[in-house]
Amino acid sequence: MGVYRAVGSYSGCVSTSGPQGHAIVKTVVSGQNGDPVNMWGHPGDPLWAANDPFLHAERLRGLAIYVSSGNGLPGALDTVDGPGLQGDSMKLVDQLVIGGALDAVTAVCTQQLATRFRDLAVPATVELRPDGTHSWGYWRNDLRRSWPLFAEALRVG
């Protein structure tokens with residue numbers, strides 16, 4: 001058996017070696033004052049393709065796989081009282097604008113990955129929510145939904 005028994009992505013764009021993936025990585029990493037070049041070098045470096053799960057989806061066969069994304073539209077957790085917002089209306093605006101845009105893109109990425117898995121006949125659990133932004137409340141719910149799959153793969157109960 002390899003290093004991993006299960007893999008997951010919550011609101012991710014795992015096709016990292018193309019322009020869309022480069023843009024998402026740059027936006028997310030730079031948004032937290034990081035340097036995306038520190039990950040796999042400059043875009044176009046062979047390390048980007050070497051670490052791209054979309055390109056190497058066949059290698060995930062046999063693992064428990066869970067991927068999910070919202071679609072960027074406001075959902076039940078996108079309120080000033082939502083998880084992590086503590087009544088801060090500016091955080092909510094950021095979650096709706098930035099988080100909405102990010103999940104609009106990750107929804108496309110997740111759908112592309114789901115199609116790739118289907119084309120390769122790689123079993124995977126894929127959840128495309130009818131709403132939701134790139135934010136902690138949705139990921140908390142995704143973790144709760146994915147945990148039984150991961151727990152079984154990890155043999156932890």
Subset of region 110-137 (residues that are polar (S, T, N, Q) and surrounded by 19 or more Cβ atoms within 10 Å (Cβ to Cβ)): Thr110, Thr133, Ser135
Take the residues in region 109-129 that are outside any loop (DSSP other than H, G, I, E, B) and of a type in the set (Lys, Arg); name whichever of them is farthest from Ser30 (Cα to Cα). Arg118
Region 46-66, residues that are more than 26 Å from Ala101 (Cβ to Cβ), open to solvent by 60 Å² or more (accessible area, probe 1.4 Å), without any contact (Cβ under 8 Å) to a residue 60 or more places away in the chain and assigned to a loop (DSSP other than H, G, I, E, B): Gly62
Taking the stated definitions as given, is Thr106 closer than 17 Å to Thr27 by Cα, among the hydroxyl-bearing types (Ser, Thr, Tyr) and crowded, with 22+ Cβ neighbours inside 10 Å? yes
Return the residues of region 67-82 that are in contact (Cβ under 8 Å) with a residue 40 or more places away in the chain, open to solvent by less than 60 Å² (accessible area, probe 1.4 Å) and either part of a loop (DSSP other than H, G, I, E, B) or more than 29 Å from Ala121 (Cα to Cα) (or both); say none if nothing qualifies. Gly70, Asn71, Gly72, Gly75, Leu77, Asp78, Gly82
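The values are calculated or read from the model by the stated rules, or taken from the named source; none is laboratory data. Being a predicted model, the structure only gives us computed values, none of them experimental. Backbone-built Cβ (ideal geometry, glycine too); neighbour counts: all protein chains shown. Each accessible area value is taken on the protein alone, full model and side chains, heavy atoms only, with ligands, DNA and RNA left out. Shrake-Rupley method; radii C 1.70, N 1.55, O 1.52, S 1.80 Å.
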